[in-house]
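Engineer: What follows is a structure written as structure tokens; I'll ask about it next.
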Amino acid sequence: MKAKYISFPHRHINGANRINYFQKYAHYPILKFIESSIVHRLYSESLKFNTRQAEAGKQGVEWSERGIDLDSSIGCFFSQTSIVTILRQFLERSSKITRCHIWTSEYKHNEYINPHKDTHGTIQLLICLKNECAPGSGILGMAYNGAHFYHDLKPGDAVLFKATDILHWTSPAIGKTDDAPCRIVLVARYHFQDQPL
Ligand SMILES: [Fe+2]
């Protein structure tokens, strides 16, 4: 069955300042990247995929993930031209994407991910789909070149980042219940052709 297309309303996010920020701090937050109707569609599509328990090799650090198929509507969303154009603008390269890996990270009460760098990929696009955490919890932390950043992402907000270069983590999510995730992010990791796989 052909995947239903979820389009991204193209906005011009050109601008030398944005590119300079990305180069200097290895990430760029894009608040209100997508509107709530698209958030809901991506979220409901994600529920079609199974969850698996993830862990970071450190006792007590765990959360859930859903691997998302590339031929799904979410896969089409992340491979659409308007998004790839944005990635190329930030990376200042026009090379081909050779691989893309998409998943959700879902945090229940007290779950978090400890500071780490990813081992591969050229750039990641992370979009917040849900955040019902208590204020000050479930924060995306980042550190690069001695500078620290704390992003309290709301649904629809996004961050573009070089996950292999910037240290990143999520502080423990404080939810109202243990049963359902209170914070969900959808992540696409892109490999560009001129980057070793
Ligand atoms: Fe990561």
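The values are calculated or read from the model by the stated rules, or taken from the named source; none is laboratory data. Since we're looking at a predicted model, the values are computed, not measured. Positions of Cβ are generated from backbone atoms using ideal geometry, with glycine treated the same way; all protein chains shown enter the neighbour counts.
Engineer: How many residues are crowded, with 16+ Cβ neighbours inside 10 Å and either out of contact with any strand residue (DSSP E or B) (no Cβ under 9 Å at 6 or more places or on another chain) or assigned to a strand (DSSP E or B) (or both) if we restrict to region 111-123?
Structural biologist: Of region 111-123, the ones crowded, with 16+ Cβ neighbours inside 10 Å are 111-113, 121-123.
Filter once more, keeping what is either out of contact with any strand residue (DSSP E or B) (no Cβ under 9 Å at 6 or more places or on another chain) or assigned to a strand (DSSP E or B) (or both): 113, 123.
Of the residues in that region, 2 qualify.
Engineer: Which residue pairs have Cβ atoms closer than 9 Å, lie 6 or more positions apart in sequence or on different chains, and pair a first residue in region 107-122 that is at positive phi with a second residue that is among the polar types (S, T, N, Q) and within 13 Å of the ligand (Cβ to nearest atom)?
Structural biologist: What qualifies is 121/164.
Engineer: Another question about this same structure. Which of the residues that make up region 124-149 are within 16 Å of the ligand (Cβ to nearest atom) and either more than 18 Å from residue 40 (Cα to Cα) or assigned to a loop (DSSP other than H, G, I, E, B) (or both)? Even if it seems obvious, please write down each step before you answer.
Structural biologist: Step one: filter region 124-149 for residues within 16 Å of the ligand (Cβ to nearest atom), giving 124-128, 138-144, 149.
Listed by number, the residues that qualify are 124, 138, 139, 140, 141, 142, 143, 144, 149.
Engineer: Another one. Looking at region 116-134, can you tell me whether even one residue there is closer than 18 Å to residue 53 by Cβ, over 13 Å from the mean Cα position of the chain (by Cα) and of a type outside the set (A, V, I, L, M)? First the steps, then the outcome.
Structural biologist: Here is the first cut: in region 116-134, the residues closer than 18 Å to residue 53 by Cβ are 116.
Narrowing the set further to residues that are over 13 Å from the mean Cα position of the chain (by Cα) leaves 116.
Still in the running and of a type outside the set (A, V, I, L, M): 116.
Within region 116-134, one or more residues are closer than 18 Å to residue 53 by Cβ, over 13 Å from the mean Cα position of the chain (by Cα) and of a type outside the set (A, V, I, L, M).
Engineer: Pull out all pairs, ordered by first then second residue, where Cβ-Cβ is under 7 Å, the residues are six or more apart or on different chains, the first lies in region 156-171 and is under 20 Å from residue 108 (Cα atoms), and the second is more than 11 Å from the ligand (Cβ to nearest atom) and among the small types (Gly, Ala, Ser).
Structural biologist: Every condition considered, the pairs that remain are 156/36; 168/141; 169/141; 170/138; 171/137; 171/138; 171/141.
Engineer: Further question on the same structure: If we only count strands (runs of 3 or more DSSP E) wholly inside region 155-197, which ones have 1 or more residues that are small (Gly, Ala, Ser), within 14 Å of the ligand (Cβ to nearest atom) and within 15 Å of the chain's Cα centre (by Cα)?
Structural biologist: Working: elements: 158-161, 167-170, 183-192.
Of the strands (runs of 3 or more DSSP E) lying wholly inside region 155-197, those with at least 1 residues that are small (Gly, Ala, Ser), within 14 Å of the ligand (Cβ to nearest atom) and within 15 Å of the chain's Cα centre (by Cα) span 183-192.
Engineer: Follow-up. In the list 19, 6, 102, which residue meets the criterion of being in a loop (DSSP other than H, G, I, E, B) and either at pLDDT 95 or above or β-branched (Val, Ile, Thr) (or both)? Walk me through it before giving the result.
Structural biologist: Details: 19 fails: in a loop (DSSP other than H, G, I, E, B); 102 fails: in a loop (DSSP other than H, G, I, E, B).
The conditions single out 6.
Engineer: Right, another one. Taking into account only those residues within region 62-86 that are touching a Phe, Trp or Tyr at 6+ places or on another chain (Cβ under 6 Å) and surrounded by 16 or more Cβ atoms within 10 Å (Cβ to Cβ), which is modelled with the lowest pLDDT?
Structural biologist: Only one residue tops the list, namely 63.
Engineer: How do the pairs read when you match residues in region 43-61 that are at pLDDT 70 or above with residues anywhere that are assigned to a loop (DSSP other than H, G, I, E, B), using Cβ under 7 Å and keeping only pairs 6 or more apart or on different chains?
Structural biologist: 45/72; 55/61; 61/112
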